[in-house]
1. For segment 55-129, just say rounded, prolate or oblate: build the C-alpha gyration tensor, square-root its eigenvalues into a ≥ b ≥ c, call rounded for a/c under 1.5, and beyond that prolate if a/b exceeds b/c, oblate if not.
2. Straight distance only, please: which aspartates and glutamates reach the Cα of LYS26 with their own Cα at less than 20 Å, same-chain residues fewer than 8 apart left out?
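Bear in mind that the values in this text are calculations on the coordinates, not laboratory data. Note that the structure is a prediction, hence the values are computed from the model and not measured.
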Amino acid sequence: MAKLSTEELLSAFEELTLIELSEFVKAFEEKFDVTAAAPAAVAVAGAPAAGGAAEAAEEKTEFDVILEAAGDKKIQVIKAVRELTSLGLGDAKALVDGAPKPVLEAAAKDAADAAKAKLEEAGATVTVK
């Protein structure tokens, strides 16, 4: 098998949708028994639990933004999905048509709230889990 350069790998990843890239990361983690978690999350999880620290360690830090329904303004929702993701027009339309589907996965709370507000402003029904 030919060895791919970093540039070639990045070029290949640019063509993937967020969902495809997420699936790739999961498969990579399983194959090589590694995790792509942020180091800060590991530091919080590894901290000794004392009183209020136990509650902080259990606090959720990653959120999924789920598009439940597009509503009446489907075109505006597709535009909002395209702004929030790197999806092309066809992929964004497929995501909106296939609702309920995740728009963002494992996003920070601020990013998830901003995405929810943008999608709701466009007329979509959204949940954050």
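1. prolate
2. GLU14, GLU15, GLU62, ASP64, GLU105
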